[in-house]
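Trainee: One structure follows; several queries about it will come next.
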Amino acid sequence: MNINDQQRTRISRSISHLNVQPLNNVNFSLSVGTVVPRDVRLQPLPAEVVESVPQYRGHDFVLVKDEIVIVEPSSYKIVAVMPYSGRSTAAAPARSEQRNVTFSDRDREVIRKHAKARPVERERQTTGSTVRTEIRRGERVPDGVEIDAFPDEVYREAPSLREYRYIHRDSRTYIVEPQERRVIEEID
């Protein structure tokens, strides 16, 4: 669901009028598609938000630090994450590509173990030439580069990785946010 800066500002302003305390420590990723644990207390979106953004009718939200997390109540899936500016009325730009995602050492270890176990012949089929592409954190992965899902055993051992994908280049594994195709972490 695409919404513009004016709608984001209105949502933030509407929520700032409510007396909702943000959560500061959560055990789920603030990304579209993530399922929020059922013990998180959701709030209904204010009527003025639904007037401004009708596609959010019937949706709930939770504040997490300085982010508004909009959740579909039947599935508890996150449908949008946007900056929360508190009582400020200034328009806040979308920050999804700047959001810091942190993985635990255990998550990284599971990825390393998987990367060492995977066959190398896959790297050859991604490009017919020997051109090396530099891949940096925060950059968008080109459309021609195939992004892979982790094997099920990775998701079982490290559930926080479920919404992410990866690419493997030059003995390094890059974790990718699949909607925006942005590299969020490099693991060597």
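Trainee: Within the range 40-66, can you find the residues that are at pLDDT below 90, in a loop (DSSP other than H, G, I, E, B) and either open to solvent by less than 60 Å² (accessible area, probe 1.4 Å) or acidic (D, E) (or both)?
Mentor: P46, V53, D66, listed by residue number.
Trainee: Let me ask something additional. For the subset of the range 102-128 comprising residues that are among the β-branched types (V, I, T) and exposed (fewer than 12 other Cβ atoms within 10 Å of the Cβ), which member is modelled with the highest pLDDT?
Mentor: Taking the range 102-128 as the starting set, the residues that turn out to be among the β-branched types (V, I, T) are 102, 110-111, 120, 126-127.
After this cut, where a residue has to be exposed (fewer than 12 other Cβ atoms within 10 Å of the Cβ) as well, the list is 102, 120.
Details: T102: 70, V120: 53.
Only one residue fits best here, namely T102.
Trainee: Next question. Scan the range 40-57 and report the pairs whose first residue is under 14 Å from R8 (Cβ atoms) and aromatic (F, W, Y) and whose second residue is open to solvent by 30 Å² or more (accessible area, probe 1.4 Å) and not in a helix (DSSP H, G or I), with Cβ atoms within less than 9 Å and a gap of 6+ or a chain change.
Mentor: Y56/M1; Y56/V79
Trainee: In the set R95, R162, R182, which member is modelled with pLDDT of 80 or more and either closer than 29 Å to I68 by Cβ or among the hydrophobic types (A, V, I, L, M, F, W, C) (or both)?
Mentor: Details: R95 fails: modelled with pLDDT of 80 or more; R162 fails: modelled with pLDDT of 80 or more.
Of R95, R162, R182, the one residue that is modelled with pLDDT of 80 or more and either closer than 29 Å to I68 by Cβ or among the hydrophobic types (A, V, I, L, M, F, W, C) (or both) is R182.
Trainee: Every residue in the range 137-158 that is modelled with pLDDT of 80 or more and either open to solvent by 80 Å² or more (accessible area, probe 1.4 Å) or farther than 16 Å from A115 by Cα (or both), please.
Mentor: If the condition is that a residue be modelled with pLDDT of 80 or more and either open to solvent by 80 Å² or more (accessible area, probe 1.4 Å) or farther than 16 Å from A115 by Cα (or both), then E139, R140, V141, P142, G144, V145, E146, D152, E153, R156 are the ones that fit.
Trainee: Scan the range 20-31 for residues that are under 13 Å from F61 (Cα atoms) and out of contact with any Leu (no Cβ under 7 Å at 6 or more places or on another chain) and report the count.
Mentor: Residues meeting the conditions: 2.
Trainee: A further question follows. Limited to the range 13-39, what total is found for residues that are among the hydroxyl-bearing types (S, T, Y) and at pLDDT below 90?
Mentor: Of the residues in that region, 2 qualify.
Trainee: Condition first: aromatic (F, W, Y) and under 14 Å from the mean Cα position of the chain (by Cα). Now tell me which residues in the range 150-165 satisfy that.
Mentor: Within the range 150-165, just Y164 meets the criteria.
Trainee: Oh, and also: Looking only at residues in the range 12-39 that are among the hydrophobic types (A, V, I, L, M, F, W, C) and in a loop (DSSP other than H, G, I, E, B), which one is surrounded by the most Cβ atoms within 10 Å (Cβ to Cβ)?
Mentor: V36
The values are calculated or read from the model by the stated rules, or taken from the named source; none is laboratory data. In this text, all values refer to a predicted model and were calculated from it rather than measured experimentally. Counting neighbours? That spans all protein chains shown, and the Cβs are built from the backbone with ideal geometry, glycine included. Heavy atoms of the whole protein, side chains included, go into the accessibility calculation; ligands, DNA and RNA do not. Shrake-Rupley method; radii C 1.70, N 1.55, O 1.52, S 1.80 Å.
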